[in-house]
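Each remark here refers to the structure printed beneath this line.
The values are calculated or read from the model by the stated rules, or taken from the named source; none is laboratory data. Note that the structure is a prediction, hence the values are computed from the model and not measured. Cβ placement follows ideal geometry from the backbone for every residue including glycine, while neighbour counts extend to all protein chains displayed. All accessible areas refer to the heavy atoms of the entire protein, side chains included, with ligands and DNA or RNA removed. Shrake-Rupley method; radii C 1.70, N 1.55, O 1.52, S 1.80 Å.
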Amino acid sequence: GFESIQFLNDQQGWIAVQPHGQFPHDPYLLGTANGGQNWEPLRLWSEEGRAGLLQQFHFNSREHGWSLVDRSAAAAGYELYETLNAGASWMLRETSSRAIAPKWPARRPSDWRLREDGKLKTYELERRVGDSWRRMANFRTELGVCKNPEPVAPPPPAAVPEESLKLGNPAGRP
């Protein structure tokens, strides 16, 4: 599921994604440089199947960011990663058996939130007004079920031209 979001401006942003499963694994970010028209998956690790929960991330510029990963379920502790290229690649900077403190200031709570209303089967866009939340918009979205693609059968072999066979060329080469 989508865990958190950060936009630096109206064009550059990231969303933390944690695939659902019995155990947290393969967290990644989705990044956009065009206001959300296109999103690119930004993997923390090159290999798949690694246990981990993306606890927090923060970008302080278009290129520079941090991510904290809890890998304690895999007996690997905690890991701090840094990127210098907007999340295209990540460098392991610190490991610890204890939780690692973020290297960035705490985020100010947002005045906006997106909340799922399971009863109405809608998403509610809400704005903080004082100590309460006011609904500003809501929308229903129907998501399809993700399935593995059907295997594609190989194309049938190309027909060999008759004149090639007459010339004693069984492979059909000119």
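The distance between label points at residue 140 and residue 9 comes to 3.9 nm (points 7 Å beyond Cα on the Cα→Cβ vector). When 131, 10 are compared by accessible area of protein heavy atoms, the largest-first order is 131, 10, using a 1.4 Å probe. Estimated at the nearest 10 Å², the accessible area of residue 133 is 80 Å² with a 1.4 Å probe.
Hey, what's the stretch 34-96 come to in accessible area per residue, 1.4 Å probe, Å²?
On the way: 3290 Å² over 63 residues.
Averaged over the residues of the stretch 34-96, the accessible area is 52 Å².
Of the trypsin sites (Lys or Arg not before Pro) found in the stretch 1-103, those in coil by DSSP whose Cβ has at most 14 other Cβ atoms within 10 Å are 62, 98, 103.
Taking only protein heavy atoms and a 1.4 Å probe, the accessible area of the stretch 47-116 is 49% carbon and sulfur. Calculated FRET efficiency, residue 84 to residue 129, Cβ-Cβ distance, R0 = 30 Å: about 0.15 to the nearest 0.05. The solvent-accessible area of residue 46, taken with every protein chain present and a 1.4 Å probe, is close to 120 Å².
Here residue 7 sits with roughly 90 square angstrom of accessible surface, probe radius 1.4 Å.
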